[in-house]
Structure formats: structure tokens, C-alpha cells
Ligand SMILES: *Cc1c(COP(=O)(O)O)cnc(C)c1O
């Protein structure tokens, strides 16, 4: 099965797991978990398709074919975590003294990684509000190497114009990286919009069941792909075959899950928007969202992440969170179960208070990863927790 023959829903089930996907296989319908760390050869200087599992492994290869297919790119790489994917990109693309431009609302771990590269390798970083593409252009310096985006962002669900920013960046020969974790390849394909590289935390929607840590990189440039593949092997940032199997399995229901995440998220965002104890709701699927039209123009959906500011501050937020029954108070997102958290005290505590305030992450902010449970059960749980504050 080639990439473009079938629709997304079909490819998410079949690509990489065609029964004949390995020569000499037993026509398994599900890709076997190839645990072997090494592969025998007949001749000393000539190895077969596989040599050593850090370099390449049949289960991982099946998954990498599917990654490329789902983002509509030539190449896919499977990594041990989203941050391993980001570290590989930094190691491969950044040289001492380089400058990068990022969205000011990037994932906290991405900002922390950039801060570490600042100290160790003299990287310069400028974070801007990428909802205004002109601010990206203004931040470009002679030694700028790349632009790092998310859309929508975490946790404020800001949306940036990937096409317009890619056009600006390419005028100056900069690479554009988009972390597409929040919408998943089901709702958005940044390379189709002009970005050069997509990165995912597979831990979230792609895996979908909160039982695996993984990362992915998708791209079209064969030279850059070879460099990344070489460095991945050299640095050893590989996922286990068992993890690859879990992700292959999770991906088969990605489209079903994303549709349900989205319809539940829309119901919850609409409920919160009318609630007297809520100050503000952030969800790109609400027509009141400032970049609603932009998101409609570049993605086929809005995803399952909703953030809101509760009336009051940290005290009310904490009391509300600790009163919930069905929502699990936990970091992470994108699994079938609904998770809820307090960005300032949890996911974004790794960045400084000053950076948080600059980015607009208040102490009253709550982030919800809306799961695929019954939406009325979820809303009832929110209602009873609101009644406790
Ligand atoms: C979780 C996350 C990451 C980091 O991925 P890990 O798999 O936890 O290493 C990066 N970007 C976004 C948007 C995330 O949500």
C-alpha cells in the first residue's frame, strides 16, 4: 500500500502492517514485536536488512512507515520520547552561537531544553507571540537558524499561521519546525502548510492510552533525514520494540478517538463558557477564540484540549481540582481518559514565574485533556466540583 492510495483512516490502520511487510514473514496481520537486539548475517562484510536494533528494528520500521504516511511526508523517525526527538533536532541543527525563534507559549519542557542549550552551547533564543507573523520577521538575525512553533499551543491554545510564517522563514533560508502534538496528524499536517519538520510527543494522542512514552519526527528532506537517522543511532535515542507495537496499536483508532475527543471538548468548552464561576475559556473550536478562523483555514479540527481561568486564583483552582472524581489530576494529555491539571504548579513549574507571567499563564488557569468518556458524566463531575468552591 503506498502513501496516497487511501484516506487517513485507512492508512492509520494498514500502513507498515501490510501482511507481506517483511520478506520471509509468516503473513502476520499484526506486526510482530521483534525483540532481537542483533541480526545474523551470512557474510562478514554484508549484513541483511537489519543489523542491530539501535540502528533499525523491524517493529520500529513498521511504525516509522506509518508516521510518514500520516503526516504525508517522505520520512518518519520513531524516538524514545518527544523530548528525545527535540534533542535530536537541536543536536543535528544547532551550532554554537546560533539563534532560534520560538513561540512564547511553547511546551514547558521545550523551553527548558532551549535554556539548557543556551548555557551549554551559547544558543540564543527569542520567544515571540507568533500569533503575529510580523514579530517573527522582526526577530530574525543574521545567525538565526530556525523557527520553532506549536499550534495550538500549550496551555493557552494560541494558534499561529503556519503557512505565513513558513513563507517568511523561507525567504531567509530558515527551517520551520512545528510541534504538532496537540492536533495530531489527524487534524493538521504542518508540512503540507509549508513547514519543514514535524515533531510529536507520541506519548499523547498518537499513543492515546497513557501507557507509552514516545516521540516522532516527520520530514521530506532526504539529506536532513539521513543526518537525523545517523545521529539518532549515534546518540541512542531509540524506542523499544514493545513501545513501537503499542503505538502501532494505538494509531489504529486515532481518527475515532480524535473525533470523540473533539466533540466532548466542544461540549465542555461550551459548558464552561456559560459558567458563572469561569472567567475565560480557551478552545480554538469556539467562535469566540481569537484565531478561530485561522485554525479553520489550516486544520480540519480543533482537538481535545481546553483551558480555562476559574474565578478567584490559586486557592479556588486547587480546591476545584481536588474535588473532581472522574477527571484524573495528572500531567500529560491525549489519552482516552480525561486528565486535568494546574499549569502554574504542575506542567509549567519548570519555567520561571516571570516567564509564566509574560506568557499569560495565570494561577487561576486550569488545563483539561478531555477524554472519550460520556460527555454528560464529565460535565456532571465538573458541576459537582464547582459546587464545592
Ligand atoms: C508532552 C509534550 C512534549 C514532550 O514529549 P515527551 O514524550 O513527554 O518527551 C513536547 N511537546 C508537547 C506539546 C507535549 O505536550
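The values are calculated or read from the model by the stated rules, or taken from the named source; none is laboratory data. These numbers were taken from a predicted model, which means no experiment stands behind them. Glycine also receives a Cβ, built like all others from the backbone with ideal geometry; neighbour counts cover every protein chain displayed.
Pairs, please: C-beta under 8 Å, at least 6 apart or cross-chain, first residue free of Cβ contacts under 8 Å to residues at least 40 places away in the same chain and in region 288-316, second assigned to a helix (DSSP H, G or I) and surrounded by fewer than 23 Cβ atoms within 10 Å (Cβ to Cβ)?
288/273
Name the one entry in 286, 175, 246, 235 that is surrounded by fewer than 24 Cβ atoms within 10 Å (Cβ to Cβ) and closer than 18 Å to residue 61 by Cβ.
Within the list 286, 175, 246, 235, the selection yields 246.
So which of 169, 195, 130, 216 is buried (at least 19 other Cβ atoms within 10 Å of the Cβ), away from the ligand (no atom under 16 Å from the Cβ) and at negative phi?
Going through 169, 195, 130, 216 in turn, just one is buried (at least 19 other Cβ atoms within 10 Å of the Cβ), away from the ligand (no atom under 16 Å from the Cβ) and at negative phi: 169.
Mind listing just one residue for me: the one in region 172-184 that is within 14 Å of the ligand (Cβ to nearest atom) and outside any strand (DSSP E or B) and, of those, nearest to residue 307 (Cα to Cα)?
That would be 182.
Give the residues of region 66-75 that are more than 16 Å from the ligand (Cβ to nearest atom) and buried (at least 20 other Cβ atoms within 10 Å of the Cβ), sorted by residue number. Quick ask: steps written out before the conclusion?
To start, the set of residues in region 66-75 that are more than 16 Å from the ligand (Cβ to nearest atom) comprises 66, 68-70, 72-75.
Matches in region 66-75: 66, 68, 69, 70, 73, 75.
Being outside the structural domain of residue 79 (by TED's automatic domain parsing), farther than 16 Å from residue 183 by Cα and in contact (Cβ under 8 Å) with a residue 40 or more places away in the chain is true for just one of 235, 272. Which residue is that?
272
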